[in-house]
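For reference, the structure is listed below as structure tokens.
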Amino acid sequence: MNSVIKIVIGIALGAVGTWFFLKPATLNTTSASGNKQSTQQEERGSDSTSSALDSTKGNIQQLGAERSESVELDSKEALKAQVQSLQAALREKETQLIMERQSKKSAQSKLKQLAGEDVELGTGEASKGNKYFDDIPEDYHKLLDPPERRKDLPELHRDLVDEEQDLNWGLAMEQQIKSFVMNHPHSNYLLDFRVTCKTTMCEMMSKMPVEHTKKWHDLCNEMVKDGWWDFGRTSSSGTYTDDKKNYINIRLMTRKQ
């Protein structure tokens, strides 16, 4: 009986000893396992944080690039709009410059025309003080500086219209000219003829086919040689009708003074 008790007590003591002997190793294993898991978790957390940081950094870089592209695009659009505005302003200035040049040329032309008229309308008296006539006898001045400008046909026509008619000379001269023209052989080619005489001038208007233009000029040259011709100067102008089939002529004769 005592032996059994001793054996049981020995087994119990052995179990307790074994338990005390094995407990630190278990604790160490558990601690190591726990540390390992903690380390793995920390590594996974670190990897996750690093990935998040890398992702955030990438997003920031992408946003920065997109913003840079947007700013660059806006800058280009603004620069393009500014260039277009400057080009429009330049075109406007060029148009204004052209108009100003045209106005200047027109004004200069008018001034030259007026200056020319002043010279042509100048009298012989004015030539006395002209330096270009120094040492030149006065008798020659009228050739170098005529007393008045010779009027053109339109001006003479207006003078004729405004002039009162001399019933004696005017009517008599009209009949004389009509008689000469109508009795001339070339009058058969006339399509239209009219004559007006006032006090100091007479005006003839005629129209005939183009192929007979020379006949009208021959008629007028013969009329000048007739004894009743009482004119000192003749102004003549002619042209063709729109269809180029007929020739029209106006002659304005100024009476001798």
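A few remarks follow.
- Subset of the range 160-198 (residues that are touching a residue at least 24 places away in the same chain (Cβ under 8 Å) and of a type in the set (Phe, Trp, Tyr)): TRP169, PHE180, TYR189
- Scanning the range 225-256 for residues that are assigned to a loop (DSSP other than H, G, I, E, B) and more than 52 Å from the chain's Cα centre (by Cα) gives LYS225, ASP226, GLY227, TRP228, TRP229, ASP230, LYS256.
For every residue, the table says whether it meets (1) closer than 23 Å to VAL224 by Cβ; (2) loosely packed, with under 12 Cβ neighbours inside 10 Å; (3) modelled with pLDDT under 85; (4) among the aromatic types (Phe, Trp, Tyr).
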residue	(1), (2), (3), (4)
ASP134	no, yes, yes, no
GLU138	no, yes, yes, no
GLU148	no, yes, yes, no
ASP152	yes, yes, yes, no
ASP159	yes, no, no, no
GLY170	yes, no, no, no
MET173	yes, no, no, no
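- Residue list for the range 207-242, restricted to those being over 14 Å from LEU160 (Cα atoms) and touching a helix residue (DSSP H, G or I) at 6+ places or on another chain (Cβ under 6 Å): MET208, HIS212, LYS215, LEU219, MET223, TRP228, SER237
- All positions within the range 207-237 that are within 16 Å of PRO185 (Cβ to Cβ), exposed (fewer than 15 other Cβ atoms within 10 Å of the Cβ) and among the hydrophobic types (A, V, I, L, M, F, W, C): none
- Residue within the range 209-232 that is closer than 22 Å to ASP152 by Cα and in contact with a Gly (Cβ under 6 Å, 6 or more places away or on another chain) present: no
- The range 160-185 - residue that is under 55 Å from the mean Cα position of the chain (by Cα) and part of a helix (DSSP H, G or I) and, of those, nearest to ASP218 (Cα to Cα): LEU160
The values are calculated or read from the model by the stated rules, or taken from the named source; none is laboratory data. Treat the numbers as computed from the prediction; the structure is a model and nothing was measured. FYI the Cβ positions are ideal-geometry reconstructions off the backbone, even for glycines, and counts take in every protein chain you see.
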